[in-house]
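**Q** This is the structure I have questions about; it appears just below.
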Amino acid sequence: MRVVLFSEELAKKDIHYYIDSHLENASVSNGIYMAVVEGPMTSLLEYQYENIEDIGQHIYRLLEQNIESEHMISSTLHEVARDYYSSGRNIVMPIIKKEEEFVEISGIALFKDGNMAGRLSAEDSFYVKIIRDNYEHGIFETNLQEEDIPSSLRKNTVSEIPLAFDTVKTKRKLKLVNSNTPEFDLHITIKARLLEIRSDLDIGDPKIVAQLEQAISKNLSREMSRVITYGQKINSDVFGFGESYRSSVRNSKLTQEKWHKLFKDMKVNIKVDFTILRNGVFE
């Protein structure tokens, strides 16, 4: 067995029993993946696919490939159990969806305690990952919105600039600055290669590159703030702020119940420093 799948209906109930029963089973590896299925489970597993011989192997390879390439957050049994029993961190799992002949990762499931409390898009897993971990070698795409783009970069009334990056490396520094609120300073340094940009910007001009880096930093800060706010709304700390709080406050005696109360009113000051390493392919 390489993958354990939960229907959304089951995931919205307490999955504590299933985590413990697999941990206690010596024949089950702690490295198996766990995921949530959007829609009917029978439709996913019993459908006669034309181009998929073994749906179980296909789902395993889909998860493995996306997790190893850092497109998706890892959710092995070991990691899920660690987050479930942590007083300052919640479970997050990929969501699998069948769309006719295609099987894809459609999003991520956010849990409160052992219950699925909400979901974010698959693209948002990038922001969740760089908030909670360092990113080693991935890719991501984003659209700079009009509010991010300096007037000097706007040409022909451009309302947004699509961008694609690869060789993404991040470094995360998280510091508790106020234990009462609580309040954190989150500083993320990102270095990446600009792979594609659909614009008539002169990327050979260092001044334009500097302005573009600032615009990307602003865009990423806003997107990370959005996913953190959503996590607070459903009271799911999949980012690990509670773990940082527990390790920073002496004798905090932090429990899941206590942290959920603090987490809802938590404040995070986000600073992103984005550096373009070198130019790639432009369209």
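**Q** If you go through segment 79-100 one residue at a time, do you hit one that is over 30 Å from Ile131 (Cβ atoms) and either more than 19 Å from the chain's Cα centre (by Cα) or not in a helix (DSSP H, G or I) (or both)? Break it down stepwise before answering.
**A** As a first pass, look at segment 79-100 and keep what is over 30 Å from Ile131 (Cβ atoms): 100.
Retained after the next criterion (residues that are either more than 19 Å from the chain's Cα centre (by Cα) or not in a helix (DSSP H, G or I) (or both)): 100.
The answer is yes, given that some residue of segment 79-100 is over 30 Å from Ile131 (Cβ atoms) and either more than 19 Å from the chain's Cα centre (by Cα) or not in a helix (DSSP H, G or I) (or both).
**Q** Moving to a separate point now. Find all pairs meeting these conditions: Cβ atoms under 7 angstrom apart; at least six residues apart or on different chains; first residue within segment 5-31 and assigned to a loop (DSSP other than H, G, I, E, B); second residue open to solvent by 40 Å² or more (accessible area, probe 1.4 Å).
**A** Partner pairs satisfying both residue conditions: Lys12/Asn115; Lys13/Asn115; Asp14/Asn115; Val28/Met1; Asn30/His78; Gly31/His78.
**Q** Given the residues Leu163, Leu201, Leu186, which is the only one that is of a type outside the set (Lys, Arg), farther than 19 Å from Ile270 by Cα and not in a loop (DSSP other than H, G, I, E, B)? Break it down into steps so the answer makes sense when it comes.
**A** Working: Leu201 fails: not in a loop (DSSP other than H, G, I, E, B); Leu186 fails: farther than 19 Å from Ile270 by Cα.
Of Leu163, Leu201, Leu186, the one residue that is of a type outside the set (Lys, Arg), farther than 19 Å from Ile270 by Cα and not in a loop (DSSP other than H, G, I, E, B) is Leu163.
**Q** Mind counting the residues in segment 140-154 that are open to solvent by 20 Å² or more (accessible area, probe 1.4 Å) and modelled with pLDDT under 85?
**A** Total meeting the criteria: 7.
Here's the yes/no breakdown for (1) without any contact (Cβ under 8 Å) to a residue 12 or more places away in the chain; (2) on the phi > 0 side of the Ramachandran plot; (3) among the hydroxyl-bearing types (Ser, Thr, Tyr); (4) open to solvent by 50 Å² or more (accessible area, probe 1.4 Å):
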residue	(1), (2), (3), (4)
Tyr85	yes, no, yes, yes
Met93	no, no, no, no
Glu100	yes, yes, no, yes
Gly114	no, no, no, no
Ala122	no, no, no, no
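**Q** Inspect segment 230-243 for any residue being in contact (Cβ under 8 Å) with a residue 24 or more places away in the chain, over 18 Å from Val92 (Cβ atoms), among the charged types (D, E, K, R) and surrounded by fewer than 20 Cβ atoms within 10 Å (Cβ to Cβ) and give the result as yes or no.
**A** no
**Q** Let me ask another. Which ones in segment 8-48 are under 18 Å from Leu77 (Cβ atoms) and of a type in the set (Gly, Ala, Ser)?
**A** Matches in segment 8-48: Ala11, Ser21, Ala26, Ser27, Ser29, Gly31, Ala35.
**Q** Restricting the search to segment 173-183, which residues are assigned to a loop (DSSP other than H, G, I, E, B) and open to solvent by 40 Å² or more (accessible area, probe 1.4 Å)?
**A** Kept after step one, since they are assigned to a loop (DSSP other than H, G, I, E, B), are these residues of segment 173-183: 179-182.
Once the filter is applied, which keeps residues that are assigned to a loop (DSSP other than H, G, I, E, B) and open to solvent by 40 Å² or more (accessible area, probe 1.4 Å), segment 173-183 yields Ser179, Asn180, Thr181.
**Q** Further question: Exactly one of (1) over 20 Å from His71 (Cα atoms); (2) among the hydroxyl-bearing types (Ser, Thr, Tyr); (3) within 23 Å of the chain's Cα centre (by Cα); (4) open to solvent by less than 20 Å² (accessible area, probe 1.4 Å) is unmet by Thr170. Its number?
**A** Against the list (1) over 20 Å from His71 (Cα atoms); (2) among the hydroxyl-bearing types (Ser, Thr, Tyr); (3) within 23 Å of the chain's Cα centre (by Cα); (4) open to solvent by less than 20 Å² (accessible area, probe 1.4 Å), Thr170 comes up short only on (1).
**Q** Let me ask something additional. Can you find even one residue in segment 55-65 that is over 28 Å from Phe165 (Cα atoms) and open to solvent by less than 50 Å² (accessible area, probe 1.4 Å)?
**A** Yes, some residue in segment 55-65 is over 28 Å from Phe165 (Cα atoms) and open to solvent by less than 50 Å² (accessible area, probe 1.4 Å).
The values are calculated or read from the model by the stated rules, or taken from the named source; none is laboratory data. Everything numeric here is computed off the predicted structure, so don't read it as measured data. All Cβ positions, glycine included, derive from the backbone under ideal geometry; neighbour counts span all protein chains shown. The accessibility values were calculated without ligands, DNA or RNA, using every heavy atom of the protein model including side chains. Shrake-Rupley method; radii C 1.70, N 1.55, O 1.52, S 1.80 Å.
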